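Trainee: I'd like to ask you about the structure that follows.
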Amino acid sequence: MLAVGMARGKPGVHAFELPMPEIKQPDEVLVRVKEVGLDGTDFNMLRYGLQDIAEGRNEMVMGHEMVGVVEATGSGVKSLSPGDSVTMTVRRGCGQCQPCLHNQSDMCMTGLYTERGIHKLDGFLTRFSVEQEQYIVKVPPQLVKFAVLTEPLSIVEKGIEQIRIIQSRLPWACAHPEHTFLSENWGMCKRALVVGAGPLGLLATALLRLAEVNTYVTDIVPEDSPKVHLAKHMAANYIDASSKTPKELVELSCALGNLDIIFEASGAAATAVALINCMVRSSIYVMTGIPRGDLVIQVDAAQLVRQMVRFNQVLVGSVNSNRSHFEMALRDMGKIDSRFNGMLKEMFTHRFRLEDYKQAFALSDPKHIKTVIEVEPWN
Ligand SMILES: [Zn+2]
Ligand SMILES: [Zn+2]
């Protein structure tokens, strides 16, 4: 069967043939891949030549955002049946540390995990895939058309979960006991800045707006960009940072008023560090974007440490997600769709067939938000 990914020692993206995978264990499931989403990780792996192919293999299938349909199940599979729409988590635990042994491989303590389509394991840019039942999450029928966004939304769910758990230290963030960070109405009386209006930034904005957080989004795209249109559609405010230095952006952001939350989803390292200056007393800053390459900047270290200590500030990194975040994502996806009618569909700006993978990876379009590879069309 056709597969698309990286080939050892050869830069760029390539097509190759793989044998049809087979169910070999009772808990395994054969899934027919329908759609695969591409994201910054995929493009960066190629751009920076980050090949992480398993030993003994010459290729690795790329693609870690997927939706598919169960084709067949092993004899021990209980929760899934042929015909079910499904998506799969990305990381497979190290099998050694306590978080991994307890379904929390996103917090792996050894770093010996693997990841489908990223780190040693084949991804989903192919026709069929076999996986253990525990890593497969059932998609409600009404969400199949958006479910390729489950993985990126799960990343954002984890980031916001971190905010809510950590900030539960602060039950009196406002005067209303019903607005505490672990309550249903946690977002009321809160203000957030989302950095980056790519898929993760937009999905973060969707979750924050769903919770009624007063949300600002910043990016370097012009006001008439589809990204800005989507942010405004969710009643978020846009800050065009294109002609601003990080210092000017900081001044502008600080002028918005108390930023309880900063959600970094751009991976623009200099801006990400500069925006620490916008944190106020007891605020929290979550970083999810991963910068590539090196960037050395000057920072006033004394001011930074002084501020973080004196203002009880929290700076937290958040990577990957586990099954619980996929389930949260699927619960919220329906709410996002009904609340911001049409928003998720509008994120799919480009579609390609699997055979046209080269065009998909070479795409350069300022209107681009999310590329979906249609491995097999929905009927
Ligand atoms: Zn581990
Ligand atoms: Zn309140």
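Read-outs: derived from the displayed coordinates by stated rules, not from any lab. No experiment lies behind these values; they were computed from the predicted model shown. No Cβ is skipped: glycine too gets one built from the backbone with ideal geometry, and neighbour counts run over all protein chains shown.
Trainee: Could you compute the net charge surrounding Cys108? Neighbours are other residues with a C-beta less than 11 Å from the C-beta of Cys108; K and R count +1, D and E count -1.
Mentor: 0
Trainee: Among the listed pairs Lys244/Lys358; Lys78/Lys358; Lys24/Lys370; Lys227/Lys358; Lys244/Lys367, which have their C-alpha atoms separated by more than 28 angstrom in this model?
Mentor: Check vs 28 Å cut-off fails for Lys244/Lys358; Lys78/Lys358; Lys24/Lys370.
Trainee: Considering Cα pairs under 8 angstrom that are at least six residues apart, work out the relative contact order of the stretch 126-229 and quote it in whole percent.
Mentor: Result for the stretch 126-229 is 20 percent.
Trainee: Going by the alpha-carbon gyration tensor, a ≥ b ≥ c the square roots of its eigenvalues, is the stretch 235-281 rounded (a/c under 1.5) or, if a/c is not under 1.5, prolate (a/b greater than b/c) versus oblate?
Mentor: rounded
Trainee: Sticking with this structure for a sec: Once you keep just the Cα pairs under 8 angstrom separated by 6 or more residues, what percentage relative contact order results for the chain?
Mentor: Over the chain, the number comes to 18 percent.
Trainee: On a C-alpha basis, how far is the centre of the stretch 331-379 from the centre of the stretch 1-53 in Å? Whole number, if you could?
Mentor: 18
Trainee: Taking the chain as a Gaussian network, where each spring joins two C-alpha atoms under 10 Å apart, which residue of Ser321, Ser283, Ser168 fluctuates the most?
Mentor: For the chain, modelled as a Gaussian network with Cα springs under 10 Å, the answer is Ser168.
Trainee: Additional query: Counting Lys and Arg as +1 and Asp and Glu as -1, what is the net charge of the other residues whose Cβ lies under 13 Å from the Cβ of Gly49?
Mentor: +3
Trainee: Something else: Antiparallel as a % of all DSSP beta bridges within the chain, to the nearest 5?
Mentor: So the antiparallel bridges in the chain amount to around 50 percent.
Trainee: List the extent of the Cα atoms of the chain along each of their three principal axes, largest first, rounded to whole Å.
Mentor: 58, 43, 42
Trainee: If you don't mind, another one. Please compute the volume of the convex hull spanned by the alpha-carbon atoms of the stretch 153-317 and report it per residue in Å³.
Mentor: So the per-residue hull volume is 109 Å³.
Trainee: Over the stretch 153-317, what is the relative contact order in whole percent, taking alpha-carbon pairs under 8 Å and six or more residues apart?
Mentor: 19
Trainee: For Cys108, Cys94, which order do you get if you count the other beta carbons within 10 Å of each Cβ and list the fewest first?
Mentor: Cys94, Cys108
Trainee: A further question follows. For the stretch 104-179 and the stretch 233-282, what is the separation of their Cα centres, given in Å?
Mentor: 25
Trainee: Right, another one. Can you sort Asp365, Asp240 so the residue with the fewest Cβ neighbours within 10 Å comes first?
Mentor: By the 10 Å Cβ count, ascending, the order reads Asp365, Asp240.
Trainee: Here's something else I'd like to know. Of the candidates Gly123, Gly293, Gly317, which one comes out as most mobile in a Gaussian network treatment of the chain with C-alpha springs shorter than 10 Å?
Mentor: The residue that fluctuates most here is Gly293.
Trainee: Add -39500 (n - 2.57) for each DSSP H run of 4 or more in the chain, then divide by its residues: what number comes out at 222 nm, to the nearest 500 deg cm²/dmol?
Mentor: Calculated at 222 nm, the ellipticity per residue is -8000 deg cm²/dmol.
Trainee: Pro99: net charge of surrounding residues, Cβ under 14 Å, Lys/Arg +1, Asp/Glu -1, itself excluded?
Mentor: +3
Trainee: Going by C-beta contacts inside 10 Å, put Ile261, Ile369 in order with the fewest on the left.
Mentor: Sorted ascending by nearby Cβ count, the order is Ile369, Ile261.
Trainee: To continue, here is another question. In the structure displayed, which of Lys120/Lys145; Lys34/Lys138; Lys120/Lys158 lie more than 21 Å apart, Cα to Cα?
Mentor: From Lys120/Lys145; Lys34/Lys138; Lys120/Lys158, over 21 Å: Lys120/Lys145; Lys120/Lys158.
Trainee: Can you give the angle from 0 to 90° between the axis of helix 323-339 and the longest principal axis of the chain, with both taken from C-alpha atoms, to the nearest 10?
Mentor: Taking Cα atoms only, the helix is inclined about 70 degrees.
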